[in-house]
Amino acid sequence: MLQTLKNAFTVKEIRTKIINMLIVLVIVRLGTHIPVPGIDLAQLATNSDNSTLYALITGGSYGTIFAMGIGPYITSSIIMQLLTVAIPALEEMQKDGETGRKKISQITRCVTVALALLQGAGQVYTIHNFFTNPGWYVYIVALITMMSGTVFIMWLGEKLTEVGIGNGASFIIFANILSGFKSGVMSLYTYAAEGSAMAWIIVGVILVVLLVVMVFVILVQDGERRIPVQYSRKLVGNRYMGGNNSFIPIKVNIAGVMSIIFAISILQFPATINQLVNSTTLQKISDVLSTRHPVGAILYVVLIFVFTFFYTSFAFNPVEVAENMKKSGGFVPGIRPGKPTSDYIQKIVDRISLIGAFAYAIIAMVPVVLEWLTRINMGFGGTTLLIVAGVALEVIKQLETQLINRNYKGFLTA
């Protein structure tokens, strides 16, 4: 990996892309420290919780111009991805090539603005006691400022996808999560420094467990089941074409981190509503649904399994894969083309998804169990480790691909 980064900096084109990524990183981090007009950021910082998943993704920046961060854009993208499968008109639009994808992107942006309006209104209401001169004019200005910050980050993410390496939105989330690791490290250090020798041993055990989880995350991210495919030979003119062997790669968890994000969104929904209505009943429900509560932890695991299979059913279509394979003359050895092939692929996907759901449930619950046992709020969990590892691996793969392509082009032009 280090050699890949070293080689990347020797290529001007790739070096420019890395510099673009660093510039965007600086802009985003600066924005998370610029308060909206009229807010007392120092007082807000002592009363806000920056340890939630949402706070980590946005950089823990309540009351700033980038308070909502890339969150509404990510939510909008997920909604559009699900609606594309559910609504035939959007599915046809997606199949319409570059023109259709541009239309879907435009709809996604509009949905992002609508979500930013709703989410921003909720945040302004939540922090309205921290404005120095409260009033409707101040609230409206704060809301517009937050919405503008979200739209600007959305533009930065899309621009970074064009001029950087990998997905721009993912990199922004990656950077925000890394910035939040500082609080987790400080919590561990404070716990060890204020305790006895046993406290240092406990912190050491926690770090070892997190390291093992990180290795496990990388293995799960790269894990896949390969279904062998053989293509029949065809006589074209005087020559036989085809007859090659290939495979269909099935990821261990096709849903990826989305199953965990959906599960957390459901569990945190009552708490989000409670920010607007301030209900005692909703507060009790929110406490029970918290992963720090046994009921919330059990529901968390169950929802991970449910959303793993739910999202996989949208993201992967065995019938379509079997039909495309049949049209191109391909078949799975020992399996008849058509419905038997699609049933066989579906059976494998279900088994792999079950294994993936178990793996992701373990990854998500290990930090939660550690907090139960040690009472240390580490500030990060399995989901953040998944996102960090996934984005880092994707950036390294993109760098390696671009280096190989450049060397290949140089060989052809030599």
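Would you mind telling me which numbered condition in (1) surrounded by 15 or more Cβ atoms within 10 Å (Cβ to Cβ); (2) at pLDDT below 80; (3) not in a loop (DSSP other than H, G, I, E, B) MET93 fails?
MET93 satisfies all of (1) surrounded by 15 or more Cβ atoms within 10 Å (Cβ to Cβ); (2) at pLDDT below 80; (3) not in a loop (DSSP other than H, G, I, E, B) except (2).
Return the residues of region 274-299 that are touching a Leu at 6+ places or on another chain (Cβ under 8 Å) and either outside any helix (DSSP H, G or I) or surrounded by 15 or more Cβ atoms within 10 Å (Cβ to Cβ) (or both); say none if nothing qualifies.
At the first step, the residues of region 274-299 found to be touching a Leu at 6+ places or on another chain (Cβ under 8 Å) are 274, 289-291, 295-296, 299.
Matches in region 274-299: ASN274, LEU289, SER290, THR291, GLY296, LEU299.
Kindly indicate whether ASN245 is surrounded by fewer than 14 Cβ atoms within 10 Å (Cβ to Cβ), without any contact (Cβ under 8 Å) to a residue 60 or more places away in the chain and on the phi > 0 side of the Ramachandran plot.
The answer is no for ASN245.
Yes or no, residue by residue, for (1) buried (at least 17 other Cβ atoms within 10 Å of the Cβ); (2) over 27 Å from ILE70 (Cα atoms); (3) modelled with pLDDT of 85 or more; (4) not hydrophobic (A, V, I, L, M, F, W, C):
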site: ALA116; (1), (2), (3), (4): yes, no, yes, no
site: GLY122; (1), (2), (3), (4): no, no, no, yes
site: ASN133; (1), (2), (3), (4): no, yes, no, yes
site: GLY149; (1), (2), (3), (4): yes, no, yes, yes
site: LEU156; (1), (2), (3), (4): yes, no, yes, no
site: ILE172; (1), (2), (3), (4): yes, no, no, no
site: ILE177; (1), (2), (3), (4): yes, no, no, no
site: TYR191; (1), (2), (3), (4): yes, yes, no, yes
site: ALA197; (1), (2), (3), (4): no, yes, no, no
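Out of region 332-343, which residues are within 12 Å of VAL321 (Cβ to Cβ) and touching a residue at least 40 places away in the same chain (Cβ under 8 Å)?
VAL332, the sole residue that qualifies.
Taking only pairs six or more apart or across chains, which ones have beta-carbon atoms under 7 Å, a first residue in region 148-159 that is part of a helix (DSSP H, G or I), and a second residue that is of a type in the set (D, E, K, R)?
Short answer, once both residue conditions are applied: MET154/ARG109.
Filter region 227-254 down to residues that are at pLDDT below 75, of a type in the set (A, V, I, L, M) and not in a strand (DSSP E or B), then give me how many there are.
0
Residue-wise test of (1) hydrophobic (A, V, I, L, M, F, W, C); (2) within 25 Å of PRO249 (Cβ to Cβ).
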{"position": "ILE127", "(1), (2)": "yes, no"}
{"position": "ALA142", "(1), (2)": "yes, no"}
{"position": "THR150", "(1), (2)": "no, no"}
{"position": "GLY157", "(1), (2)": "no, no"}
{"position": "PHE174", "(1), (2)": "yes, yes"}
{"position": "ALA192", "(1), (2)": "yes, no"}
{"position": "LEU211", "(1), (2)": "yes, no"}
{"position": "ASP222", "(1), (2)": "no, yes"}
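Of all the residues that make up region 160-200, how many are in a loop (DSSP other than H, G, I, E, B) and in contact (Cβ under 8 Å) with a residue 60 or more places away in the chain?
Count: 4.
Any idea which residue in region 299-326 is modelled with the lowest pLDDT, counting only those that are under 11 Å from ALA361 (Cα atoms) and either touching a strand residue (DSSP E or B) at 6+ places or on another chain (Cβ under 8 Å) or among the aromatic types (Phe, Trp, Tyr) (or both)?
Only one residue fits best here, namely TYR300.
So, in region 203-214, how many residues would count as being over 29 Å from GLY71 (Cβ atoms) and surrounded by 19 or more Cβ atoms within 10 Å (Cβ to Cβ)?
1
Filter region 347-360 down to the residues that are touching a Phe, Trp or Tyr at 6+ places or on another chain (Cβ under 7 Å) and of a type in the set (Gly, Ala, Ser), then identify the one that is farthest from THR384 (Cα to Cα).
So the residue we want is SER353.
Specify which of the listed residues (SER77, SER61, SER51, SER105) is under 21 Å from the mean Cα position of the chain (by Cα), exposed (fewer than 15 other Cβ atoms within 10 Å of the Cβ) and either at pLDDT below 80 or assigned to a helix (DSSP H, G or I) (or both).
SER105
Could you look through region 335-378, keep only residues that are touching a Leu at 6+ places or on another chain (Cβ under 8 Å) and in a loop (DSSP other than H, G, I, E, B), and pick out the one that is farthest from LYS182 (Cα to Cα)?
ILE376
Which number in (1) buried (at least 17 other Cβ atoms within 10 Å of the Cβ); (2) over 28 Å from ILE396 (Cα atoms); (3) at pLDDT below 80; (4) not polar (S, T, N, Q) marks the one condition that GLY71 misses?
Result: GLY71 passes all but (2).
The values are calculated or read from the model by the stated rules, or taken from the named source; none is laboratory data. Owing to the predicted nature of the structure, the values given are computational and were not obtained by experimental measurement. Virtual Cβ from ideal backbone geometry, glycine too; neighbours counted across all protein chains shown.
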